[in-house]
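Chemist: Okay, handing you the structure first.
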Amino acid sequence: MRPPSPSIPEREFLLKALEQSLRLDGRAPLQSRTPTLTFGPELGWVECALGKTRVLAYVSAKIVKPTPERPFEGTITIHSEISPMASREYEVGRPSDEEVTITRMLDKVLRRSDAVDKESLCILAGERVWALRLTIHCLADAGNMLDCACLAGVVALKHFRRPEVEVIGDEVIVHAPTERAPVPLSIHHSPFCFTFAFFAPSPSSQSVPITILDPVHLEQRLSNGSISIALNAQREICVLQKLGGVPLGAEEVVGVVQVAVGKAKEMERLVESALKEDWEGRKGGVEVR
Amino acid sequence: MASRIEILNDGGFRSDGRRQYELRDITIDLSQQGHADGSAIITHGLTQVLVSVFGPREAKQRRETIHDRANINVEVNIAAFSTGERRKRSRGDKRISELASTIKSTFEPVILTSIYPRSQIDIFVQVLQQDGGLLQACINCTTLALANAGIPLLDFVCAITGGVHSTSPVLDLTTLEENDIPHVTVAMMPRTGKVTLVTMETRLHADRFEEIFRLAIDAGKVIHKEMKSAVRHRTDALVTAMGSGSRFAVSGEMAEEQMKDY
């Protein structure tokens, strides 16, 4: 059974507050929660927390034979599991529309935007390539799980190191991490996803919808539409998705894109510094490049 | 992936002989299909979609009723013969269920659902031929079918695909072009000029996006003109067939005046 929809007082309180540019958790309308990245002992193990939303991403790699259509390319598969553990709204069995949207969006942001150079995953053309597997576990959903999952996925791919391989003739030698330093994946760009929620204006007040960045669960449930933008720090939009909801003017859409452009740069800095800090901590053990 | 086909040649022509901003031929057929309350077939070049609308009617399943508005149910079926390569897609396909939920959420704020509480509107989308602009054709066709079924809408929803080839924007892409260049699908409401849907799945610079986005909104108005005239012709034909043609001719001028607003 689906959980009951928010009560009328809850809704009215939230909308009244929003009209005065106030949010339940004290943030400004276009302020996002600062993500917390926790790295595990293994390379490619990342837990990303956005407030109380938590997502775990793990990357693993194995060597397989490529498909005959693409003999020079490695593969990336994304396994996203949204279990009832994350929120009461998710059920086991047939995925709901929302779950399908999250899964498809993850696929578009992380795989189809060509973030990872697939050709660099080739070891021996037509014979051996790396197959990457990115598993995303949604641990808790307190709103905006999509952004959190995308961030976790991107950071996990940047954090991951694959073992060094050597090709001598037709023979492939895989070196253990203790023998030779593992190599990072060749990453073209790192897309970050930002979700904005819209609230239709009350007919009496102003005519522009209220826009908020990074909605929490209640805001997400009560909103009249949302737009998700995935883009990198080089101002390239990878995915932009506004599916229905309250109609927006061209200026509003363009404005939201500009906000996301600024946020992407901030996010890139944050991720880079978190990764750097993690390497510093690892210096004592295995050599990392 | 560099292709050997020129998307836009030096003479300013595209692979199918169109100019940069030229749309493909649009044909609209609003004749009755089976027992549907409203149906439409739209073709954008070689893309063809058939939509049948049933309702508002009692929901088949009690649990699907909503107490204060109508429930919209969208089912999409892509014919196995619609692409060059014959391919059967299962019902559980993620791409199809995404398409269905996109259509549903696009029309939810446009259909005046609150005047039909506890009922259901079924929209069946059948993709007959695919050659680029699938979502665009589905949305345009659904608008027409809903209008044909007499379901009150806030406005038309007109969708169009735009792409950018290096720096030059192009409109209404074919499959060949879609595979090669970044593209955006925009659905707009011509009366207010606001957009209800924007999707983009390929990498594009933010400034280029803005350019093509604004262009697509303009192109939506052209599509709207086509759709509007098709709906009017159909209504004219029905009125004449009902034997009240003469009466319509008298009040025709007045109707024309009223229609100007839409």
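Read-outs throughout are calculated quantities, based only on the coordinates presented, and are distinct from any laboratory measurement. Nothing here was measured: the structure is a model prediction, and the numbers come from that model. Positions of Cβ are backbone-derived with ideal geometry, glycine not excepted, and every protein chain shown enters the neighbour counts.
Chemist: Tell me which of B:Ile212, B:Thr161, B:Val110 sits at the most positive position along the dipole axis of chain B, charges placed on C-beta atoms (Lys, Arg +1; Asp, Glu -1).
Modeler: Result: B:Val110, furthest along the dipole toward the positive end.
Chemist: How long is segment A:8-282 along each principal axis, judged by its Cα atoms, biggest number first, in Å?
Modeler: For segment A:8-282, the Cα spread along each principal axis is 76, 41, 39 Å.
Chemist: For segment A:149-163, take each phi angle, set θ = phi - 60°, evaluate the Karplus expression 6.51 cos²θ - 1.76 cosθ + 1.60, and give the result in whole Hz per residue in order, putting x for glycine and proline.
Modeler: 5, 5, 4, 4, x, 5, 5, 4, 5, 6, 7, 5, 10, 9, x
Chemist: Near the amide H of B:Ile72, under 5 Å away, which other amide H atoms are found, from residues 5 or more places off or on another chain, if H is placed in the peptide plane?
Modeler: B:Ile121
Chemist: Suppose each label sits 7 Å from its Cα in the direction of the beta carbon; what would the B:Arg232-B:Arg19 distance come out to in nanometres?
Modeler: That separation, rounded to one decimal, is 2.4 nm.
Chemist: Can you tell which of A:Asp170, A:Asp117, A:Asp97 shows the greatest fluctuation in a Gaussian network model of chain A with Cα springs below 10 Å?
Modeler: The residue that fluctuates most here is A:Asp170.
Chemist: For segment A:83-98, in order, what is each residue's ³J(HN,Hα) by Karplus, 6.51 cos²θ - 1.76 cosθ + 1.60 with θ = phi - 60°, in whole Hz (x at glycine and Pro)?
Modeler: Along segment A:83-98, the couplings run 9, x, 4, 5, 7, 5, 6, 9, 10, 7, x, 5, x, 7, 4, 5 Hz.
Chemist: Starting from the amide H of A:Ser190, placed 1.01 Å from N in the peptide plane, find each other amide H under 5 Å away whose residue is 5 or more places distant or on another chain.
Modeler: A:Ala233
Chemist: Related question: How do B:Ser168, B:Ser105 rank when sorted from fewest to most other Cβ atoms within 10 Å of their own Cβ?
Modeler: B:Ser168, B:Ser105
Chemist: Report, in listed order, any pair from B:Lys194/B:Lys225; A:Lys108/A:Lys158; A:Lys265/B:Lys194 with a Cα-Cα distance greater than 23 Å.
Modeler: Among B:Lys194/B:Lys225; A:Lys108/A:Lys158; A:Lys265/B:Lys194, the Cα-Cα distance tops 23 Å for A:Lys265/B:Lys194.
Chemist: Let me ask something else about it. List the cysteines in chain A whose Cβ has no other cysteine Cβ under 4.7 Å from it.
Modeler: Cys with no partner Cβ under 4.7 Å: A:Cys48, A:Cys122, A:Cys138, A:Cys148, A:Cys238.
Chemist: Continuing with the same structure: Please report how far the C-alpha centroid of segment A:121-157 lies from that of segment A:1-38, rounded to the nearest whole angstrom.
Modeler: Distance between centres, Cα-based: 29 Å.
Chemist: Related question: Distance check, please: which entries in A:Lys65/A:Lys118; A:Lys52/A:Lys263; A:Lys242/B:Lys228 exceed 18 angstrom between their Cα atoms?
Modeler: The pairs that break the limit, which is 18 Å between Cα atoms, are A:Lys52/A:Lys263; A:Lys242/B:Lys228.
Chemist: Along the principal axes of its C-alpha atoms, what lengths does the protein assembly as shown span, in descending order and rounded to whole Å?
Modeler: Reported extents, whole Å, longest axis first: 92, 60, 42.
Chemist: Now a separate question. Taking loop as defined by DSSP and a crowding limit of 12 other beta carbons within 10 Å, which GluC sites (Glu not before Pro) in segment A:54-138 fit?
Modeler: A:Glu69
Chemist: Another one. Using modelled amide H (1.01 Å from N, peptide plane; none on Pro or chain starts), what sits under 5 Å from the amide H of B:Asp16, excluding residues fewer than 5 places away?
Modeler: Long-range HN contacts for B:Asp16: none found.
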